[in-house]
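K.L.:
Take a look at this one; I'll ask things after.
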Amino acid sequence: MEFSQLNLIPGILDAVKDAGYKEPSPIQEKAIPAVLSGKDLLGCAQTGSGKTAAFSLPALDIIARKKAEDNETKIRALILSPTRELALQIEECVKMYSKYLPLRCGVLLGGVSQKPQEKMLREGVDLLIATPGRLWDLYKQRLLRLDAVEIFVLDEADRMLDMGFIHDVRRIAGEMKQNKQTLLFSATMPDEVIKLIDDLLHDYEKVMVDPVSSTVDTIDQRVYFVDTVNKHKLLLNILHDEAVYCALVFTRTKHGADVLTRRLSKAGIKCRAIHGDKSQNSRQEALRSFKSGKIQVLVATEIAARGIDIDGLPYVFNYNMPEEAEMYVHRIGRTGRAGASGSAISFCNFEEQPILYDIEKLIGHKIPVIAGHGFPMSDFTVKQQSGGRGASVKTTEPITSGSFAPPTTSKFPKSMSRPRRPRSFKTMR
Ligand code: AMP
């Protein structure tokens, strides 16, 4: 299918062409006609599927047509994002897609001064992207109106829930008119999201792509069994290999991210941390440095990295295993985008082994183990349920569920591609 078959106005088609998109992605192919027909939409999709264009292209189309009728500037489309980074990313995309349209787009984020946002609202906005907390704050201060919203997009609803924004989201939705069009996107469908869908969506079309349990074929996944105390040494070892010129490293906690960043910096690795305690400016600066190749490593917590889109990212490390199996799929989805190859390397200590098994169950296959590395796990203690808590037996092997790939002694096994630096490591906007 071609974009020109989607019935979008010429200004949008030209912008999409400028963006270099040759054909709509599967979610765009299904979602765009549904939204243009006026239906609500439930999109089960994750970052990397092209979902931003799937909701913003038809939203822009609809509001541009409406504005042509009355020539008024008012908030006709609202896009809610759980994180500031994702909101900024959506804003960049929307600005790119709307560059030939007489529309004003703006973003409201927490963590930065309110003044410029007030000015922007006074001057008028047609499409607003916002994080729920700041939007609700400004709404309560009567600095914006929501009664003209025709299209309401809720992006990453599951993450809204995780981050405790669901009440703000419900309150915000309650301030908009009943007959608006609602587009809700979520990578996973926990009960609370299903409840939200029941409450917010009417006569909706469901579009499912890339279910969360499918990890992209192009991602080479490996796991190292390693004790916590040795994780940073193992990481340094791998990072010093020139092939790993660019890596996103996930830690479990903000403190863990800071500690690791200090250790890596001390060892001469150019790196920055990005997490919720960093100011918005610092987070954006770190992201810019990473995207432009100024730093080799970005150490991030799950939430801070959520939705971040980094073209051509070759390596993702799970320095700490994620707390939930589904998070693993989100995390490693940062690499191997758009058919490019990528590697996802996980460091698993003794306590983290149960989550590894959950992950393997979710993705439906074993993750090959890299054995024979310099920092083998020493604690192969099996804590047995019988005999009381804490009773233990020693084994000589890492505990695996039986069919892991045979160990290999090289630091990078042959099958693990050493991605060469792409000719143009596309610095992301
Ligand atoms: P998203 O899932 O919205 O974060 O998009 C992931 C990446 O795919 C972004 O870098 C988009 O610019 C890009 N993208 C979205 N739609 C298309 C398309 N139809 N063709 C090529 N790239 C696309």
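K.L.:
Based on the mean of other Cβ atoms within 10 Å per residue, sort peptides 115-121, 105-111 so the most packed one is first. Present the calculation step by step, with values, prior to reporting the outcome.
P.N.:
On the way: 115-121: 14.1, 105-111: 21.4.
In descending order of packing, they fall as 105-111, 115-121.
K.L.:
Residue by residue through region 62-73, which ³J(HN,Hα) values in whole Hz follow from phi under the Karplus form 6.51 cos²θ - 1.76 cosθ + 1.60 (θ = phi - 60°), with glycine and proline marked x?
P.N.:
In residue order, the calculated couplings are 5, 6, 5, 5, 5, 5, 4, 6, 10, 6, 9, 9 Hz.
K.L.:
Here's a follow-up. How much of the DSSP beta bridge set in region 3-208 is antiparallel, as a percent to the nearest 5? Present the calculation step by step, with values, prior to reporting the outcome.
P.N.:
Details: 0 of 25 bridges.
Here the share of antiparallel DSSP bridges comes out near 0 percent.
K.L.:
Counting other Cβ atoms within 10 Å, which chymotrypsin sites (Phe, Trp or Tyr not before Pro) in region 28-108 have at most 16 and lie in a DSSP loop? Don't skip to the end; give the middle numbers.
P.N.:
Details: sites: Phe55, Tyr97, Tyr100; in loops: Tyr100.
Answer by residue number: Tyr100.
K.L.:
Can you list residues whose amide H is under 5 Å from Gln181's amide H, if they're 5+ apart or on another chain and H is modeled 1.01 Å from N?
P.N.:
The answer is Ile151, Phe152.
K.L.:
Considering amide H positions built from the backbone, and no H for Pro or chain starts, which residues 5 or more places from Tyr315, or on another chain, come under 5 Å of its amide H?
P.N.:
The answer is Leu248, Ser343.
K.L.:
In addition: Tell me which residues come under 5 Å, amide H to amide H, from Gln296 once H is placed; ignore anything under 5 positions away on its chain.
P.N.:
Close amide H contacts, sequence-distant or interchain: Lys270, Cys271.
K.L.:
For region 161-252, run through the trypsin sites (Lys or Arg not before Pro) and keep only the ones in DSSP coil with at most 14 other Cβ atoms within 10 Å of their Cβ.
P.N.:
Numbers: sites: Arg170, Arg171, Lys177, Lys180, Lys195, Lys206, Arg222, Lys231, Lys233, Arg252; in loops: Lys177, Lys180, Arg252.
Taking region 161-252 and a limit of 14 other Cβ atoms within 10 Å, the loop trypsin sites (Lys or Arg not before Pro) found are Lys177.
K.L.:
Something else: By average Cβ neighbour count within 10 Å, what is the ranking of 260-271, 310-321 from highest down?
P.N.:
310-321, 260-271
K.L.:
With a sphere of radius 11 Å drawn around the Cβ of Ala344, what net charge do the other residues whose Cβ falls strictly inside it have (Lys, Arg +1; Asp, Glu -1)?
P.N.:
Working: positive: Arg222, Arg331, Arg334; negative: Asp220.
Result for the neighbourhood of Ala344: +2.
Every read-out reported here was derived from the displayed coordinates using simple, explicitly stated rules and does not represent laboratory data. Since this is a predicted model, take the numbers as computed values, not measurements. Positions of Cβ are generated from backbone atoms using ideal geometry, with glycine treated the same way; all protein chains shown enter the neighbour counts.
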